[in-house]
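*Asks:* Input: one structure, supplied below.
The values are calculated or read from the model by the stated rules, or taken from the named source; none is laboratory data. The shown structure was predicted, so the numbers you read here are calculated from the model rather than taken from an experiment. Heavy atoms of the whole protein, side chains included, go into the accessibility calculation; ligands, DNA and RNA do not. Shrake-Rupley method; radii C 1.70, N 1.55, O 1.52, S 1.80 Å.
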Amino acid sequence: MTLKAAFIFLADGANSATDRQIVTTPSVDLTVVGTANYADAEQVVEALVADGIQAIELCGGFGTSGTARMATAAAGKAAVGVVRFDNHPGLDGKSGDTIFAGA
């Protein structure tokens, strides 16, 4: 059985409709999606779950509240995990909760 998984990352100006790729291997189909903020990512999570994604990994830019929002959006239909950076080096040492949570 092939695992249907996703990796979601945050990037200023990302367009979740076009900033995406699918990597297919014999055991995993991985959908990678760039999102602009937490609200955008929540919509992506809901759509991925509707498409049968079973596991979602979030980039380190998601802070604790962002991770909780994505787990809520998945509604128990997919496992949600996170790469952990409390202060992300790609975000000038800040948490995504500080930068992306407003949306």
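*Asks:* Relative to the first principal axis of the alpha-carbon coordinates of the chain, what is the inclination of helix 38-50, with its axis defined by its Cα atoms, in degrees from 0 to 90 and to the nearest 10?
*Replies:* 10 degrees
*Asks:* Search the structure for amide H atoms under 5 Å from the amide H of S16, placed 1.01 Å from N in the peptide plane, and list their residues when 5 or more places away or on another chain.
*Replies:* Amide H to amide H, under 5 Å and 5 or more residues apart or across chains, S16 pairs with A36.
*Asks:* Quick check for you: with a 1.4 Å probe and neighbouring chains kept, what is the accessible area per residue of the chain, in Å²?
*Replies:* 53 Å²
*Asks:* Express the carbon and sulfur contribution to the solvent-accessible surface of the chain as a percent, rounded to the nearest whole number, probe 1.4 angstrom.
*Replies:* Here carbon and sulfur together make up 55 percent of the probe-accessible area.
*Asks:* Here's something else I'd like to know. Can you bin every Cα-Cα distance in the chain into 10 Å intervals starting at zero and give me the percent of pairs per bin, rounded to whole numbers?
*Replies:* In order of increasing distance, the bins hold 17, 51, 28, 4, 0 percent.
*Asks:* Mind listing the phi-derived Karplus ³J(HN,Hα) values for region 3-14, rounded to whole Hz, using 6.51, -1.76 and 1.60 with θ = phi - 60°, and x for any glycine or proline?
*Replies:* 6, 9, 10, 9, 10, 10, 10, 9, 8, 4, x, 5
*Asks:* For region 62-103, what is the per residue volume of the convex hull drawn over the alpha-carbon atoms, in cubic angstrom?
*Replies:* 63 Å³
*Asks:* Something else now. Relative contact order of the chain: what whole-number percent is it, with Cα pairs under 8 angstrom and at least 6 residues apart?
*Replies:* 28 percent
*Asks:* What list of ³J(HN,Hα) values in whole Hz, one per residue of region 18-30 in order, does the Karplus curve 6.51 cos²θ - 1.76 cosθ + 1.60 (θ = phi - 60°) give from phi, with Gly and Pro shown as x?
*Replies:* 3J(HN,Hα) across region 18-30, in whole Hz: 10, 8, 7, 8, 10, 10, 10, 10, x, 10, 9, 9, 10.
*Asks:* Counting only helical runs of four or more DSSP H residues, what would the 222 nm mean residue ellipticity of the chain come to if each run contributes -39,500 (n - 2.57) and the total is spread over all its residues?
*Replies:* About -8000 deg cm²/dmol.
*Asks:* Quick one: angle between helix 64-74 and the longest Cα principal axis of the chain, in degrees between 0 and 90, rounded to 10, please.
*Replies:* Taking Cα atoms only, the helix is inclined about 30 degrees.
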